[in-house]
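For reference, the structure discussed in these notes is given below.
The values are calculated or read from the model by the stated rules, or taken from the named source; none is laboratory data. Keep in mind that what you see is a predicted model, and the values were worked out from it rather than measured. Methodologically, a virtual Cβ is constructed for each residue, glycine included, from the backbone with ideal geometry; neighbour enumeration extends over all protein chains shown.
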Ligand code: GLN
């Protein structure tokens, strides 16, 4: 078995340069060259995972099929590569320290003083190499969160420095920086990049490749200057100019020969036997530039922040490209929605998404939105909390249960149509305790979802504590709300639908986590197609 190659991606100068997109693009290109690739994220924060983080702090929490709550960059990795990530692909400082402290308590280091170097750095190195164990991958791309110079990332960089020595020719470092344009001077400035590389060098890491983020095109003289000042070969200096779409980034990297450079640096060639072509990706980008029809989708949620519903936004956009429609997304703050203003707030939208979420803020606004959509037959897609709101609205206004609610919001209600799962009742902790990851679901014969999926058995990812309460199942079905997706093991309701309407489906799971560029999720595709 060949040794896997390790690619480390770090970032300098400023945050938010799009390391996740660059890592994902490299992954896509190497995959296209015929190699097996995985991308993993190492985050320097102390939380064990982002599961308990407010989306305002950290954007969406992404969930892997094996049930890990992770950084939203893992969503980009999966959407770009189509390769499933796992528990090994998301590591935080919190996880590292937790493992080391558990070992210390067990007595694994008996007699030793536990220190950042070597104990923490060794744990980081072991985690970086975890994906190499099964021989499943030719390339392991490791993205280090944060910016060079942060106190928190120091142990990760020391681990990379050591690994470069240990892995020798099997390791390569890519550093992403920023080249600002000073309008007053009319100049592009490379000094921040030089400083950032110097900082990296002072930690003992010489980058092999520099990727320069820039708003303006960089001429060859700038690229050569950076190469000369930073000890990097001119072929290894790549520019990443702002592009209309993140999905154009792999093509732009390919045009500049980044994939060729990486392969040459590892002494490898295109793996002809398994070579895929970039043509499918090119076709996707070509279609993206040529969307003629526009549809408007209202996102009813409480987080007025692009990143909070990242995977839903991308899933809608991707579904639009596959159906030839430009999806214009309008955020509608559920906190401000009332019976009086709902018509005006939702007007002009071709379809509505009722977003996932936690807690009581904005809940009644979501129920008002569901009611309006149901009674005006506006195509509506409820996701997780959104599905629960569909159930509550139906119970209140069709089943005649005015006190219907979720036990999450009103623990005392007798009409607890959404209730805490039995397994959750004894748990008092918050972190990592939800129903997380992929579960099987059977689709009822003759249901809308069975038709849409084109199969009777699916597997989808979950992230919630509360469930449809089966004590009310008969009442719902008799009144016309079909529970068309069930967990075959415990009979939990995973999907509800109103077949009498144009498109009215709620899923307890999150289909947005498994929609990828080349394999868009059928529910999103069908939803957009019908608008
Ligand atoms: N708060 C709800 C629950 O825990 C829904 C969660 C979600 O939308 N992800 O069941």
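List of remarks:
- Verdict on residue 267 being surrounded by 13 or more Cβ atoms within 10 Å (Cβ to Cβ) and over 27 Å from residue 71 (Cβ atoms): no
- Condition met for residue 392 (in contact (Cβ under 8 Å) with a residue 40 or more places away in the chain and surrounded by 20 or more Cβ atoms within 10 Å (Cβ to Cβ)): no
- Any chance residue 224 is exposed (fewer than 13 other Cβ atoms within 10 Å of the Cβ), part of a loop (DSSP other than H, G, I, E, B) and free of Cβ contacts under 8 Å to residues at least 40 places away in the same chain: no
Residue-by-condition table, conditions (1) without any contact (Cβ under 8 Å) to a residue 24 or more places away in the chain; (2) surrounded by fewer than 21 Cβ atoms within 10 Å (Cβ to Cβ):
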residue: 30; (1), (2): no, no
residue: 33; (1), (2): no, no
residue: 46; (1), (2): no, yes
residue: 94; (1), (2): no, yes
residue: 106; (1), (2): yes, yes
residue: 110; (1), (2): yes, yes
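- First in region 458-476 and free of Cβ contacts under 8 Å to residues at least 40 places away in the same chain, second anywhere and away from the ligand (no atom under 13 Å from the Cβ) and assigned to a strand (DSSP E or B), Cβ under 7 Å, 6 or more apart: 458/441; 458/443; 473/483
- Subset of region 349-359 [out of contact with any helix residue (DSSP H, G or I) (no Cβ under 8 Å at 6 or more places or on another chain) and more than 10 Å from the ligand (Cβ to nearest atom)]: 349, 350
- Total residues in region 227-267 satisfying the condition of being assigned to a helix (DSSP H, G or I) and over 23 Å from residue 288 (Cβ atoms): the figure is 13.
- Neighbours by Cβ (under 6 Å, 6+ apart or cross-chain): first from region 360-389, at pLDDT below 95; second away from the ligand (no atom under 14 Å from the Cβ) and assigned to a helix (DSSP H, G or I): 362/335
- Failed criterion for residue 463 (all others in (1) more than 18 Å from the chain's Cα centre (by Cα); (2) surrounded by 13 or more Cβ atoms within 10 Å (Cβ to Cβ); (3) within 16 Å of the ligand (Cβ to nearest atom) hold): (1)
- Residue match in region 443-453 (condition: within 13 Å of the ligand (Cβ to nearest atom), under 28 Å from residue 346 (Cβ atoms) and crowded, with 22+ Cβ neighbours inside 10 Å): no
- Of residues in region 424-442 being closer than 25 Å to residue 472 by Cα and loosely packed, with under 12 Cβ neighbours inside 10 Å, the one modelled with the lowest pLDDT: 426
- For region 455-478, filtering for residues that are closer than 16 Å to residue 434 by Cα and touching a helix residue (DSSP H, G or I) at 6+ places or on another chain (Cβ under 7 Å) leaves 5.
- For region 380-432, the set of residues classified as more than 12 Å from the ligand (Cβ to nearest atom), in a strand (DSSP E or B) and under 22 Å from residue 61 (Cα atoms) consists of 381 only.
- Filter result for residue 18 (at pLDDT 95 or above, touching a helix residue (DSSP H, G or I) at 6+ places or on another chain (Cβ under 9 Å) and over 14 Å from residue 140 (Cα atoms)): no
- Among (1) in contact (Cβ under 8 Å) with a residue 24 or more places away in the chain; (2) touching a helix residue (DSSP H, G or I) at 6+ places or on another chain (Cβ under 7 Å); (3) within 23 Å of residue 63 (Cβ to Cβ) - the single one residue 481 does not satisfy: (3)
- One residue stands out in region 414-423 among those that are out of contact with any helix residue (DSSP H, G or I) (no Cβ under 7 Å at 6 or more places or on another chain) and surrounded by 15 or more Cβ atoms within 10 Å (Cβ to Cβ): the one that is farthest from residue 395 (Cα to Cα), namely 421.
- Of all residues in region 362-377, at least one satisfies being within 10 Å of the ligand (Cβ to nearest atom), assigned to a helix (DSSP H, G or I) and either farther than 17 Å from residue 511 by Cα or touching a helix residue (DSSP H, G or I) at 6+ places or on another chain (Cβ under 9 Å) (or both).
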